[in-house]
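One structure is given here, and the rest of the page talks about it.
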Amino acid sequence: MVFTILTARTLLLLCFETIEAEVFRRRLTCAVAFFACAVASVASELAATGSLALVTLLPLVGIGMGCLGEASNAMVFRRRCVLAMGCIMTLFAISTGAWGLVFKNTTSDVGASIWSMIKSRDPPLPALASVIGFRLTITPTR
C-alpha cells in the first residue's frame, strides 16, 4: 500500500508539469502522500498486531525525509534528504531482515544520492566538513 502511494506521488509529479513547477502544489502533493503513508502504515500495524511497534515508525521517518526532499526547491537539500531516507530505510530493512530492501535502498537511494552529490559537486555535510577541517574558499571570477 505504501509503495503504491509513493508511486502515485512520483507519477503525479512526473506527469503533471503544473505540480512540479509550482512549489505549493508539489508540497501539498508530498504532504498528502506522507499523511496517506502514515495512516496506511499505522492502520496495517494495528490491524496485524493490535499494537504499534517502534520499528514501524522508522520507515515513516524515512518516507518523511523523502517527501521533505521532494517538496524542496533546493537540489542540494533534496539529495541530502533522499540520502537520509535511503540510510534510514536501509536500517529498517536490516532490522527486519528484508535483504532485498537492503539491496534496493543501498544501491538506488544511497548509492544514487552519493553519485549525484559527487557529480553535482555538492559541498560536504557541515559536521563532516568540520571534522576533516574542510574550508570552502570562494574565489572571484572575472
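The values are calculated or read from the model by the stated rules, or taken from the named source; none is laboratory data. If you're wondering where the values come from, they're calculated on a predicted model, not measured in any experiment. Neighbour counts are summed over all protein chains in view; Cβ atoms, including those assigned to glycine, are modelled from backbone coordinates with ideal geometry.
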Which one of the conditions (1) under 22 Å from Asp109 (Cβ atoms); (2) of a type in the set (A, V, I, L, M); (3) touching a helix residue (DSSP H, G or I) at 6+ places or on another chain (Cβ under 8 Å); (4) at pLDDT 85 or above does Val42 fail to meet, given that it meets all the rest? (1)
Given (1) within 14 Å of the chain's Cα centre (by Cα); (2) at pLDDT below 85; (3) within 17 Å of Ile5 (Cβ to Cβ), Gly69 misses just (2)
Of those in region 91-117 that are of a type in the set (Val, Ile, Thr) and within 18 Å of the chain's Cα centre (by Cα), the residue modelled with the highest pLDDT is Ile94
Does at least one position in region 81-100 carry a residue that is surrounded by fewer than 17 Cβ atoms within 10 Å (Cβ to Cβ), under 24 Å from Ala31 (Cα atoms) and either among the aromatic types (Phe, Trp, Tyr) or without any contact (Cβ under 8 Å) to a residue 12 or more places away in the chain (or both)? no
Whether any residue in region 21-34 is touching a residue at least 24 places away in the same chain (Cβ under 8 Å), under 14 Å from the mean Cα position of the chain (by Cα) and over 29 Å from Ile118 (Cβ atoms) is what I want to check. yes
Kindly provide the set of residues from region 45-80 that are outside any helix (DSSP H, G or I) and exposed (fewer than 13 other Cβ atoms within 10 Å of the Cβ), ordered by number. Gly50, Ser51, Leu52, Ala53, Asn73, Ala74
Name every residue in region 9-44 that is assigned to a helix (DSSP H, G or I), out of contact with any Leu (no Cβ under 9 Å at 6 or more places or on another chain) and among the aromatic types (Phe, Trp, Tyr), in order of residue number. Phe24, Phe35
